[in-house]
Amino acid sequence: MAEFETHDYDVVVVGAGGAGLRAAIAAHESGAKTAVVCKSLLGKAHTVMAEGGIAASMGNVWPEDNWQVHFRDTMRGGKMLNNWRMAQLHAQEAPERVWELEEWGALFDRTKDGKISQRDFGGHRYARLAHVGDRTGLEMIRTLQHKTVALGVDVFMECTITRLLKDGDGIAGAFGYWRESGRFIAFRAPSVVLATGGIGKSFRVTSNSWEYTGDGHALALAAGASLINMEFVQFHPTGMVWPPSVRGILVTESVRGEGGVLRNSEGRRFMFDYIPEYFKEETADNEAEADRWYDDHINNRRPPELLPRDEVARAINSEIKAGRGTPHGGVYLDIASRRPAEDILRRLPSMYHQFKELADVDITKEPMEIGPTCHYVMGGVEVDADTQESIVPGLFAAGEVAGGMHGSNRLGGNSLGDLLVFGKRAGEYAAQRAATHGAPQLEGRQVEAAATEALLPFQRERGENPYTLQYDLQAAMQELVGIIRTESELRSALKEIVALKERAKNLAVEGNRQFNPGWNLALDLRSMLTVSECIAMAALERQESRGGHTRDDFPTADEHWGKINLVLTQTNNGDLQLDRKPLPEMPDDLKQLFEEH
Amino acid sequence: MPAHELTLRVWRGDQDGGEFVTYRVEGQEGEVVLDVIHRLQATQANDLAVRWNCKAGKCGSCSAEINGRPRLMCMTRLSTLNLAEPITVTPMRTFPVVRDLVTDVSYNYEMAKRVPPFTPAGDNSGGKYRMQQRDVDRIQEFHKCIECFLCQNVCHVVRDHEENKQVFAGPRFFIRYAGLDMHPLDTLDRRATLQDDFGLGMCNITKCCTEVCPEGIHITDNAIIPMKERVVDKQYDPVVWLGNKIGIRSRTPREQVGPYRAPSTSEDYAKAALGLAPPPVGTDPAPNTTPPVDEALDGKVANLPAMPPTLPRSATRGAGAAATPAGGRQGALASGHGGAHADAGSGLSAKDVAPAAAAAGGLAALIAVILRRRR
């Protein structure tokens with residue numbers, strides 16, 4: 001029998017990024033005894049990397065803005081595949097969530113009349129993003145972190161959850177290990193909130209950190225929950241491309257929001273050549289109008305650099321493929337010739353710092369070289385829009401790990417709002433469930449099985465190096481399931497993943513359990529392989545191009561596919577099952593918002 | 001710099017001891033130390049313990065000492081090091097080793113729990129708060145902190161004095177305090193806590209923290225020194241001293257401002273400024289002459305545009321701002337003890353202020369303070 005410590009809580013939140021902390025605060029304030037469990041130290045979660053801002057229609061810069069416009073932008077950005085109810089709740093509640101952060105000590109940049117300043121971002125009709133220079137995520141996570149600590153919520157830092165535990169059909173808790181000691185730990189709780197973020201580490205070029213291994217997606221599947229929209233992966237148009245060691249690190253969309261433009265090696269502002277029919281009416285078709293727009297949104301149309309991310313990423317990809325890329329295989333992002341150095345330093349300080357320190361590039365004097373980087377997964381746990389509860393009673397999901405809100409493509413700035421709005425909702429409903437359900441039973445058999453499988457890599461004398469396996473998985477996903485996809489490559493990817501899963505059965509690690517990254521990676525790889533397979537399967541199934549899913553062999557959006565969600569579940573023997581499910585129907589009053597424009 | 005082999009000396013071990021292990025690892029053009037550590041981990045030392053997250057200088061996880069210098073590994077480019085010599089990588093020395101390059105930084109998280117939290121005046125539903133950019137600029141500098149704890153690591157008060165960790169919070173928390181104290185809407189006075197429980201006085205401003213800050217925060221100049229001035233104002237201000245002596249002030253600063261004290265008059269004023277409640281009864285100063293000075297207020301409500309006429313902007317500001325350029329005790333006296341330290345480096349200047357109002361306000365302010373304390 002494996003040794004482990006047990007802790008009893010009403011609500012256990014897995015993940016300490018924006019969604020996790022907001023959920024924990026909400027659960028605590030609803031009266032639940034709450035714990036947060038996270039793989040890194042508190043305050044280091046990926047939210048800290050968010051740069052641009054929080055989209056919320058406060059109307060501080062453009063009084064014309066309101067939730068209906070935000071809702072419409074979000075749905076159009078997601079090519080109408082979004083869960084309409086989530087998009088509605090998000091647009092309606094985001095402003096209050098931002099003001100609440102301010103009440104907890106966050107200091108956003110200000111307008112002249114002392115309100116929270118709002119900046120332009122791709123796909124948003126009005127300047128809508130509350131921001132702090134280009135380090136909004138840091139401000140947000142610090143504010144939530146301080147609040148969590150002040151409330152006295154228990155935080156289990158550097159603790160990894162490897163399995164969810166069940167009591168009959170419902171959730172009973174979670175099992176994992178302390179990274180520092182390698183010792184096992186079990187939580188008994190009637191409600192578990194997954195807030196584990198995304199899956200980017202399955203790709204070679206990504207803006208995501210080591211933590212982004214799709215843990216929550218895999219945990220949910222194994223516990224009987226369903227995933228939706230997994231084929232939609234966002235490649236952010238602007239990641240660093242040089243030097244090689246920083247390839248993929250994010251360059252904020254704010255650079256374009258603040259006036260930066262994209263040029264190819266011939267100096268052409270090529271985005272004017274890539275305006276899709278869908279966005280023609282709202283996009284400027286000449287430089288003069290595009291430049292006037294920054295000061296006058298009402299009488300001018302948006303520059304094409306601020307099209308939704310999927311459009312811009314595809315355009316950059318095409319330019320590079322056509323041989324009009326930069327020496328290091330990107331395109332140019334130029335703010336130096338567009339704005340005074342002083343403004344750049346004030347509005348984009350960490351971008352200046354990042355390029356100066358890591359690439360020897362002074363962005364106030366020279367253009368940056370950028371290219372697409374895997375950034376975000378739109379797909380995730382299928383949840384009820386209002387409560388964020390999955391089909392497993394007691395299992396909730398919020399933030400990037402939840403699916404539906406962003407449809408086929410997320411607009412910049414909608415992620416931070418998503419974390420706050422649905423983090424709060426998940427925490428509240430998790431607390432509510434805990435209040436009406438007694439302590440569940442922990443089944444010894446489940447705990448024992450979880451402990452045994454976690455120790456398997458130590459049992460093997462000679463076996464596969466987990467780092468090598470991770471490298472090979474990333475290469476396969478990057479090459480075969482990347483920004484442009486096609487049937488033959490997706491089939492190869494699936495074959496490759498099956499082979500990798502076989503190899504994973506032979507992973508071996510050296511050393512002991514105490515803070516051993518090799519062992520930790522060996523366990524994380526299970527999640528990475530599962531989500532990779534989900535992405536490839538759903539990508540093969542969806543025979544159209546939409547948002548963050550582009551099929552070379554089906555290059556256009558298809559009306560029929562526009563009404564279908566792909567849903568993945570895991571069968572008892574561990575195989576993945578893919579089903580089609582009709583999209584929830586939008587009520588008429590909301591439909592009207594799309595006809596008026 | 002083309003790809004080539006370099007020599008890495010990495011400290012490996014745990015709390016029971018350890019040693020330097022020398023490795024030959026490939027380094028490539030444009031790489032940082034963390035890249036080489038990762039390559040080492042992937043190829044030769046799978047179990048090498050190291051913390052990292054963003055790899056872009058934003059999360060503050062990969063702090064270590066590189067050739068003896070406290071640095072972020074992700075922001076230390078190989079091209080800045082002498083690669084003919086071995087590169088030495090050791091864990092931060094001030095914190096107990098967990099394993100290899102990973103240290104137990106729980107001291108910092110314990111200190112964080114002791115910080116009296118942000119306590120604003122009034123709620124912000126519907127977005128009522130108003131602050132000017134120039135008033136948040138200086139605090140935003142402190143909010144840039146990525147909690148790499150390099151400043152804590154290099155601070156000599158705790159670096160070789162484990163016992164001081166009980167009574168000394170360290171530079172990271174001094175900027176945290178400064179950020180709270182200078183927040184235009186905060187109502188708590190944390191000065192006594194800062195001095196008595198967090199050891200601000202133990203810092204003798206050697207600026208080691210400022211030198212290692214990867215975010216370039218002016219920890220010493222913009223946070224520690226202004227906070228020291230505020231504390232000194234409180235403890236040694238002759239007016240406060242006199243007030244205590246003759247019994248018209250409560251006995252000790254501690255009694256007035258202990259941690260987690262419920263906001264009193266300052267909150268009432270700020271609420272009034274937000275239009276949430278009438279100004280506190282009986283404390284209405286005459287417009288433009290008598291600023292309502294409260295030690296916990298620090299002229300903070302001055303930044304709220306929605307102020308009622310009883311809180312004249314120029315007068316309230318004047319009490320604080322006039323003192324800075326004048327640099328004299330005159331200003332400090334004029335504001336009781338609340339204003340003189342309020343604006344060190346805030347970007348406010350005398351031209352914001354009607355000097356006459358400040359001067360005229362001085363004596364009246366003092367009287368107002370004394371009278372209010374008496375109640």
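The values are calculated or read from the model by the stated rules, or taken from the named source; none is laboratory data. Every value quoted in this text rests on a predicted model; they were computed, and no experiment measured them. Reconstructed Cβ throughout: ideal geometry from the backbone, glycine too, with neighbour counts over all protein chains shown.
Computed values, structure above
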item: Qualifying residue in region A:246-266 (condition: assigned to a helix (DSSP H, G or I), surrounded by fewer than 24 Cβ atoms within 10 Å (Cβ to Cβ), in contact with a Gly (Cβ under 8 Å, 6 or more places away or on another chain) and within 14 Å of chain B (Cβ to nearest Cβ)); result: yes
item: Segments classed as strands (runs of 3 or more DSSP E), wholly inside region A:301-417, with at least 3 members that are more than 28 Å from A:Ala223 (Cα to Cα); result: A:331-334, A:368-377
item: Filter result (surrounded by 18 or more Cβ atoms within 10 Å (Cβ to Cβ) and either within 14 Å of another protein chain (Cβ to nearest Cβ) or over 27 Å from the mean Cα position of the chain (by Cα) (or both)) within region A:464-476; result: A:Glu464, A:Asn465, A:Pro466, A:Tyr467, A:Leu469, A:Gln470, A:Leu473, A:Gln474
item: First in region A:1-23 and on the phi < 0 side of the Ramachandran plot, second anywhere and assigned to a helix (DSSP H, G or I) and surrounded by fewer than 22 Cβ atoms within 10 Å (Cβ to Cβ), Cβ under 6 Å, 6 or more apart; result: A:Ala2/A:Ala451
item: Selection from region B:87-116 of residues that are within 9 Å of chain A (Cβ to nearest Cβ) and without any contact (Cβ under 8 Å) to a residue 24 or more places away in the chain; result: B:Asp104, B:Ser106, B:Tyr109, B:Lys113
item: Hey, A:Asp73 in contact with a Leu (Cβ under 7 Å, 6 or more places away or on another chain) and not β-branched (Val, Ile, Thr) or not; result: yes
item: Filtered residue count, region A:78-135, keeping only those that are outside any loop (DSSP other than H, G, I, E, B), within 11 Å of another protein chain (Cβ to nearest Cβ) and of a type outside the set (D, E, K, R); result: 6
item: Failed condition for A:Glu541, given (1) within 14 Å of chain B (Cβ to nearest Cβ); (2) touching a strand residue (DSSP E or B) at 6+ places or on another chain (Cβ under 7 Å); (3) over 23 Å from A:Ile161 (Cβ atoms); result: (1)
item: Hey, B:Phe174 more than 11 Å from chain A (Cβ to nearest Cβ) and either among the charged types (D, E, K, R) or part of a loop (DSSP other than H, G, I, E, B) (or both) or not; result: no
item: Region B:57-75: number of residues that are of a type outside the set (A, V, I, L, M, F, W, C) and within 22 Å of A:Ala50 (Cα to Cα); result: 5
item: Region B:37-51, subset aliphatic (A, V, I, L, M) and more than 8 Å from chain A (Cβ to nearest Cβ), residue farthest from A:Gly511 (Cα to Cα); result: B:Ile37
item: Sole residue being in a helix (DSSP H, G or I) and within 11 Å of chain B (Cβ to nearest Cβ), chosen from A:Leu494, A:Leu525, A:Leu521; result: A:Leu521
item: Residue check for B:Leu34: out of contact with any His (no Cβ under 7 Å at 6 or more places or on another chain), at the interface with chain A (Cβ under 9 Å from one of its Cβ atoms), closer than 29 Å to B:Cys155 by Cβ and in a loop (DSSP other than H, G, I, E, B); result: no
item: Residue within region A:229-240 that is within 13 Å of chain B (Cβ to nearest Cβ) and either in contact (Cβ under 8 Å) with a residue 12 or more places away in the chain or assigned to a loop (DSSP other than H, G, I, E, B) (or both) present; result: yes
item: Filter result for the condition that a residue is within 14 Å of another protein chain (Cβ to nearest Cβ) and modelled with pLDDT under 95, over A:Ser181, A:Ser209; result: A:Ser209
item: Every residue from region B:130-157 that is more than 10 Å from chain A (Cβ to nearest Cβ), among the aliphatic types (A, V, I, L, M) and either within 30 Å of A:Met58 (Cβ to Cβ) or surrounded by fewer than 23 Cβ atoms within 10 Å (Cβ to Cβ) (or both); result: B:Val157
item: Residue check, B:Leu8 in a strand (DSSP E or B), on the phi < 0 side of the Ramachandran plot and either crowded, with 21+ Cβ neighbours inside 10 Å or small (Gly, Ala, Ser) (or both); result: yes
item: Selected residue (only one of A:Leu500, A:Leu507 is out of contact with any strand residue (DSSP E or B) (no Cβ under 9 Å at 6 or more places or on another chain) and at pLDDT 95 or above); result: A:Leu500
item: Residue within region A:529-550 that is more than 28 Å from A:Ile391 (Cβ to Cβ), crowded, with 22+ Cβ neighbours inside 10 Å and modelled with pLDDT of 95 or more present; result: yes
item: Some residue of region A:47-56 being within 30 Å of A:Glu158 (Cα to Cα), of a type in the set (Gly, Ala, Ser), within 14 Å of chain B (Cβ to nearest Cβ) and buried (at least 22 other Cβ atoms within 10 Å of the Cβ); result: yes
item: Answer from A:Asp215, A:Asp154, A:Asp167 - the residue that is among the charged types (D, E, K, R) and in contact with a Pro (Cβ under 6 Å, 6 or more places away or on another chain); result: A:Asp167
item: Contacts under 6 angstrom Cβ, first residue in region A:429-446 being modelled with pLDDT of 95 or more, partner in a helix (DSSP H, G or I), 6 or more apart; result: A:Ala430/A:Ala27; A:Ala431/A:Ala27
item: Filter result (in contact with a Gly (Cβ under 8 Å, 6 or more places away or on another chain) and part of a helix (DSSP H, G or I)) within region A:435-474; result: A:Ala435, A:Pro457, A:Pro466, A:Tyr467
item: Extreme residue, farthest from the other protein chains (Cβ to nearest Cβ), among residues of region B:54-75 that are among the basic types (Lys, Arg) and at negative phi; result: B:Arg69
item: Yes/no for A:Leu138 being of a type in the set (A, V, I, L, M, F, W, C), under 23 Å from the mean Cα position of the chain (by Cα), within 11 Å of chain B (Cβ to nearest Cβ) and crowded, with 23+ Cβ neighbours inside 10 Å; result: yes
